[in-house]
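The values are calculated or read from the model by the stated rules, or taken from the named source; none is laboratory data. As the structure is a computational prediction, the values presented were derived from the model and not from experiment. With ideal geometry, Cβ positions are generated from the backbone for all residues, glycine too; neighbour counts draw on all protein chains shown.
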Amino acid sequence: MEAIIADFVPPMPAPAPRRPSAIGGLLRARRDVLSIFPADAYRRQVFTTRLPGRLILVANAPEVVREVFVTKHDTYQRKSRFLEDALRPVVGGSCFIASGDDWAERREAISPPIHPSGLAQFHTCYVRAAEECAERIARADGPVDVAAVFATAITRVLLLAVFGDGVPPEEAETIAATFTAYQDAAEVVDLLGLMGLPDVLGWLTRRRANRLAVALRGRVARLIADAGPAGGTPLLRALRAAHRADGSPVLAGERLLDEVVMFLLAGAEGAAITLTWTTMLAALHPATADRMAAELPAAAPAFADINGMVFTRAVVQESMRLYPPVAVFARQATQPDRIRRWDIRTGDIVLAVPWLLHRHEALWEAPHAFRPDRFLGDASRRRPRFAYMPFGVGPRICAGAAFGMAEVMVFAAILFRRFRFALAPGFVPRPNCRLALRPKGGMTMLVSAR
Ligand code: HEM
């Protein structure tokens, strides 16, 4: 079975024919960030591009990733202006894009309620949303865009976790669809911001993006108001309860809204995308789907069952290696620095690109091949620590990584035990990286009972 898996290379964009010029790269990047990398980007340790007024350095070796994201966290903790501009209308000043003391305070407030030690309390949310999702898929008459179905279903998990089961299921659909529309609008406009270039074309799209952001925040603000000042789930109450030394709340009013919206969006996006790519891999490689189904419990898994789903976890990890939901991390230097032989000035951009690191020829055997077995046993311990970063690394590592992994595993258990997935005839999956690595045009599948 391993030999078959080793031969299977799932869809990826062709590398750029040669190193593109800065402007050529920019134009390609507007369509798809992944298409700018030439073949040697999968071999190099550090490389740079110079744009008017700024250097962009790609940290493409585990030691350099550690230097930027861990050792020099203070210098590189600030997210790129591109990401800040793209997300601020919708998540406000949330932990996801904050920096400095504000980030530290928000991060400390949001982490305890989703700490790995308390995840069992959310298990019923995962199971309920996954079963609703399975019913919806079972009712479908014809091809299903699983990317859209999963986006709604995972948003439903977060709504259940934050607001409880009083929120109607349709709310998840509205929020997920509005966010997708927002991203489509915001991404088109703001990529030029990454390079610090003026955006002359985008004001109409920006107006549309802002309208969607206002609608989204309004919906979530109503849900918070409906929960009442002291009510809601333990998660919502814990967010409200975080206090400073002087007794004032860390999260109230707009700041609370920022973090709840961020939970709904950042929390749903990564997991829904992971599930989508994993389902595509299961569809393209039926031997893997069968091997997963063989280890999955016949009924919905109990929380304790998740640890026993060893091969399914390896498939999910391999899926996040090949299709990291956040495929590019961009940070701006907040003070001058030096990395290897390059002088970094304040405002220069340093990138870590999981898409490249996870497929780096010096770090992975047959890097583009689908081999879940590379995550079994102690294989991961033999690899450099910073070669694999689907959740980021260092102090800004995803605060919901364990939550996200647990929900993906519960969905995988329920869906892959019950269904066989196949790509709809004529549908070609196309990885497309803008803010996140999503399949362009969704992921249209035919689903049958197993
Ligand atoms: C499979 C699912 C998920 C994936 C792949 C994922 C991935 C990521 C990544 C790559 C980052 C950025 C790290 C950086 O820029 O350095 C991040 C940040 C974050 N994620 Fe997740 N995430 C997932 C699920 C979740 C969930 C379920 C939650 C909340 C319930 C969550 C909350 C956050 C927060 C709060 C941050 C900001 C952390 C900070 O800047 O301090 N994520 N996530």
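Evaluate the stretch 22-39: report whether one residue or more is in contact with a strand residue (DSSP E or B) (Cβ under 7 Å, 6 or more places away or on another chain), closer than 23 Å to R340 by Cβ, at pLDDT 85 or above and not aliphatic (A, V, I, L, M). Yes, there is a match, as at least one residue in the stretch 22-39 is in contact with a strand residue (DSSP E or B) (Cβ under 7 Å, 6 or more places away or on another chain), closer than 23 Å to R340 by Cβ, at pLDDT 85 or above and not aliphatic (A, V, I, L, M).
Kindly indicate whether R81 is within 13 Å of the ligand (Cβ to nearest atom) and touching a residue at least 60 places away in the same chain (Cβ under 8 Å). Considered against the rule, which asks whether it is within 13 Å of the ligand (Cβ to nearest atom) and touching a residue at least 60 places away in the same chain (Cβ under 8 Å), R81 comes out as no.
Suppose we filter the stretch 383-401 for residues that are part of a loop (DSSP other than H, G, I, E, B) and either more than 6 Å from the ligand (Cβ to nearest atom) or not aromatic (F, W, Y) (or both); how many remain? Step through it out loud before you land on a result.
The initial filter retains those residues of the stretch 383-401 that are part of a loop (DSSP other than H, G, I, E, B), namely 383-384, 388-393, 397-400.
Keeping just the survivors that are either more than 6 Å from the ligand (Cβ to nearest atom) or not aromatic (F, W, Y) (or both) gives 383-384, 388-390, 392-393, 397-400.
Residues flagged as part of a loop (DSSP other than H, G, I, E, B) and either more than 6 Å from the ligand (Cβ to nearest atom) or not aromatic (F, W, Y) (or both) within the stretch 383-401 amount to 11.
Each residue in the stretch 402-442 was checked for being part of a loop (DSSP other than H, G, I, E, B), under 20 Å from the mean Cα position of the chain (by Cα) and away from the ligand (no atom under 16 Å from the Cβ), and 5 pass. Within the stretch 89-99, can you find the residues that are within 12 Å of the ligand (Cβ to nearest atom) and outside any loop (DSSP other than H, G, I, E, B)? Answer for the stretch 89-99, where residues must be within 12 Å of the ligand (Cβ to nearest atom) and outside any loop (DSSP other than H, G, I, E, B): just V91. Of all residues in the stretch 277-319, those being more than 29 Å from S117 (Cβ to Cβ) and among the hydroxyl-bearing types (S, T, Y) number 2.
Are any of the residues in the stretch 152-165 polar (S, T, N, Q), closer than 25 Å to R396 by Cβ and in a loop (DSSP other than H, G, I, E, B)?
no
In this structure, does V408 turn out to be under 30 Å from A302 (Cβ atoms), β-branched (V, I, T) and in contact with a Pro (Cβ under 9 Å, 6 or more places away or on another chain)? In short, no. So for the stretch 357-369 (the condition being buried (at least 20 other Cβ atoms within 10 Å of the Cβ) and within 16 Å of the ligand (Cβ to nearest atom)), does at least one residue qualify? The answer is yes; a qualifying residue exists. Taking the residues in the stretch 235-259 that are of a type in the set (D, E, K, R) and over 17 Å from the mean Cα position of the chain (by Cα) as candidates, determine which candidate is farthest from the ligand (Cβ to nearest atom). For the stretch 235-259, the residue satisfying everything is D246.
When you go through E132, E108 one by one, which is the residue that is in contact (Cβ under 8 Å) with a residue 12 or more places away in the chain, within 11 Å of the ligand (Cβ to nearest atom), over 20 Å from the mean Cα position of the chain (by Cα) and in a helix (DSSP H, G or I)? Selected residue: E108, the only one of E132, E108 that is in contact (Cβ under 8 Å) with a residue 12 or more places away in the chain, within 11 Å of the ligand (Cβ to nearest atom), over 20 Å from the mean Cα position of the chain (by Cα) and in a helix (DSSP H, G or I).
Would you confirm whether any residue within the stretch 340-353 is aliphatic (A, V, I, L, M), over 23 Å from A39 (Cα atoms) and touching a strand residue (DSSP E or B) at 6+ places or on another chain (Cβ under 6 Å)?
yes
If you go through the stretch 223-255 and pick out every residue that is closer than 15 Å to P112 by Cβ and among the hydrophobic types (A, V, I, L, M, F, W, C), you end up with 8. Return yes or no: is A379 out of contact with any Pro (no Cβ under 7 Å at 6 or more places or on another chain), under 18 Å from A61 (Cα atoms) and of a type in the set (A, V, I, L, M)? Criteria not met by A379. With respect to (1) more than 12 Å from the ligand (Cβ to nearest atom); (2) modelled with pLDDT under 95; (3) on the phi < 0 side of the Ramachandran plot, the lone exception for V328 is condition (1). Quick one: D290 ticks every box in (1) within 16 Å of the ligand (Cβ to nearest atom); (2) charged (D, E, K, R); (3) at pLDDT 95 or above bar one, so which box is it? Of the numbered conditions (1) within 16 Å of the ligand (Cβ to nearest atom); (2) charged (D, E, K, R); (3) at pLDDT 95 or above, the odd one out for D290 is (1).
Which residue is farthest from the ligand (Cβ to nearest atom), if the candidates are limited to the stretch 260-280 and must be at pLDDT 95 or above and small (G, A, S)? Restricting to residues being at pLDDT 95 or above and small (G, A, S), the top hit is A272.
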